[in-house]
Structures are given as structure tokens and as C-alpha cells.
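Below is one structure, written out as C-alpha cells, with a few remarks after it.
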Amino acid sequence: KLRPDITIIQLGQLSPWYEKQLVGAHPELDPLISNTKFDFPLACKLFASENRLYIYPWFVDFDNSWNKKCENIPYGMVTKVVPTDKVPNVEEIKKFNDFEFKKYETLFPPFAYKSGSTRTRQALFDIAEHINTRGLYYQRKGKVDWAISEYQKATNFSYDESYSLSNEGAIYFYQGKYQKAIYLMEEGTKRSQINPKLYYALGFAYGKLGN
């Protein structure tokens with residue numbers, strides 16, 4: 001059922017068919033979407049100030065698309081777009097997201113995919129991707145310990161998730177803890193999600209150890 005009070009845009013799926021569906025449900029989006037392109041600054045101006053704009057899925061690259069007028073913040077299973085002068089402090093953001101995550105922890109124990117269907121496995125992977133991206137957000141805010149905690153949650157939530165391992169490994173790499181970084185990245189190569197970054201980073205880490 002559509003919710004008229006919010007506007008959720010799945011930017012990863014922009015296509016002529018999806019554009020038509022979006023504009024049909026939300027005619028006010030018509031000037032924002034053209035030929036699979038999305039006008040981020042205008043969306044920020046029109047909807048973010050009304051708490052109506054949410055993005056799914058969230059790619060970190062989107063952060064550079066708002067002309068510094070808006071910011072993406074993790075908001076449960078979506079990302080909320082907020083004017084930069086109204087962004088809550090990071091402690092409030094974490095408190096809300098920790099509360100939201102507990103719902104999924106209760107429903108799905110670690111590696112629940114082992115006894116679940118393919119759809120369950122995909123659902124767990126989607127949740128893990130959101131947790132991982134939340135870690136990236138905290139890391140950008142200078143909360144490295146929080147970021148590591150999120151990466152570890154994502155790693156334990158879905159055996160398909162590999163980017164959480166490369167992100168945690170990258171932290172240890174830059175801290176000079178090369179063996180720890182290598183261990184995590186090698187674990188990541190065993191995951192189902194194809195992640196070229198792992199092999200690229202492993203080459204650097206091996207090089208630091210003279211291998």
C-alpha cells in the first residue's frame with residue numbers, strides 16, 4: 001500500500017517503466033526524473049525539509065549529489081534525506097538505528113539463511129548491506145569503533161555479505177595491523193558476494209609484509 005505522506009525512491013532501479021510508476025504515484029516527482037536521471041538538488045529543496053524523502057538503496061556516492069544542501073542519514077532499512085542544518089547528532093542517529101536493528105536480531109538469528117529459503121537468504125543479505133552502509137556512515141563521522149561494530153554485525157548477519165569484511169579490514173590496514181586485515185579480507189573472498197576490492201586490498205596488504 002502506498003503511503004502518501006512519504007516519498008521513497010529506489011534510485012538503483014530507475015528505468016522508463018519505474019519512472020512512470022513513480023510519477024503516477026507521486027506526480028510532484030515529474031520534474032525530478034528524466035531519462036533515468038534524478039535531480040538530487042531539486043529533490044532536496046522540495047521534499048527533504050518536509051521529511052518526505054527517503055532513498056533505497058543508499059550508495060555512498062549519493063552523498064556528493066546534494067550540493068551540500070542535504071545529507072543522507074541511515075534510517076532503519078532506508079536512508080532519510082535531511083537538510084544539512086537539520087541533521088540530528090550522530091548519537092541520536094545511532095540510538096534510533098540500534099533500536100530498529102533489534103527487531104531484525106529477534107526475528108533472524110545469525111546465519112539464519114542456513115535453514116531458510118532463497119528469499120530469506122536475500123532478505124538477510126539486504127539487511128546486512130544496510131548495516132554495512134551504516135558502518136560507513138559512522139566511520140565518516142569519525143566513530144571508528146561504532147563502524148567496526150556495524151561491520152561485524154553485517155558479517156554475522158549474512159554469509160553472502162563480503163563488503164563488511166573488506167571495510168573492517170581496511171580500518172586495520174590503515175592502522176598498520178596487516179595480519180588482521182589480511183585475515184578478514186581472506187575470509188571475505190570465501191563469501192558469495194563478488195567483491196573485487198578484497199583482492200585489490202589483499203595485494204597491498206601482502207606487499208606491506210613483503211609477500
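The values are calculated or read from the model by the stated rules, or taken from the named source; none is laboratory data. A quick note: this is a predicted structure, and the numbers were derived from the prediction, not measured. Because the Cβ atoms are built from the backbone with ideal geometry, glycine has one as well, and the counts that use them run over all protein chains shown. Heavy atoms of the whole protein, side chains included, go into the accessibility calculation; ligands, DNA and RNA do not. Shrake-Rupley method; radii C 1.70, N 1.55, O 1.52, S 1.80 Å.
Of note:
- Condition broken by LYS68, with the remaining ones in (1) assigned to a loop (DSSP other than H, G, I, E, B); (2) under 29 Å from ALA201 (Cβ atoms); (3) open to solvent by 80 Å² or more (accessible area, probe 1.4 Å) satisfied: (2)
- Filtering the range 147-169 to residues that are under 18 Å from ASN72 (Cα atoms) and hydrophobic (A, V, I, L, M, F, W, C) leaves only ALA147.
- Of all residues in the range 66-78, those that are over 20 Å from LEU22 (Cα atoms) and either of a type outside the set (A, V, I, L, M, F, W, C) or at pLDDT below 90 (or both) total 9.
- Pairs, first open to solvent by less than 40 Å² (accessible area, probe 1.4 Å) in the range 121-138, second modelled with pLDDT of 90 or more and aliphatic (A, V, I, L, M), C-beta under 6 Å, six or more apart: ALA128/ALA154; ILE131/ALA154; ASN132/ALA154; GLY135/ALA147; TYR138/ALA147
- Listed by first and then second residue, the pairs with beta-carbon distance under 8 Å, at least 6 apart or on different chains, first residue in the range 9-22 and farther than 16 Å from ALA43 by Cβ, second modelled with pLDDT under 80 and open to solvent by 40 Å² or more (accessible area, probe 1.4 Å), are SER15/THR36; PRO16/THR36.
- Checking TRP17 against (1) aromatic (Phe, Trp, Tyr); (2) open to solvent by less than 60 Å² (accessible area, probe 1.4 Å); (3) modelled with pLDDT of 80 or more, the condition it does not meet: (2)
- Filtering the range 171-211 to residues that are part of a helix (DSSP H, G or I) and either surrounded by 20 or more Cβ atoms within 10 Å (Cβ to Cβ) or at positive phi (or both) leaves PHE173, ALA181, ILE182, LEU184, MET185, GLY188, LEU198, ALA201, LEU202, ALA205.
- For the range 151-165, the set of residues classified as in a helix (DSSP H, G or I) and either touching a Pro at 6+ places or on another chain (Cβ under 9 Å) or open to solvent by 10 Å² or more (accessible area, probe 1.4 Å) (or both) consists of GLN152, LYS153, THR155, ASN156, PHE157, TYR163, listed by residue number.
- Selection count where residues are in a helix (DSSP H, G or I) and at pLDDT below 95, scope the range 80-92: 3
- Among residues of the range 93-112, those that are modelled with pLDDT of 90 or more and open to solvent by 30 Å² or more (accessible area, probe 1.4 Å), counted: 5
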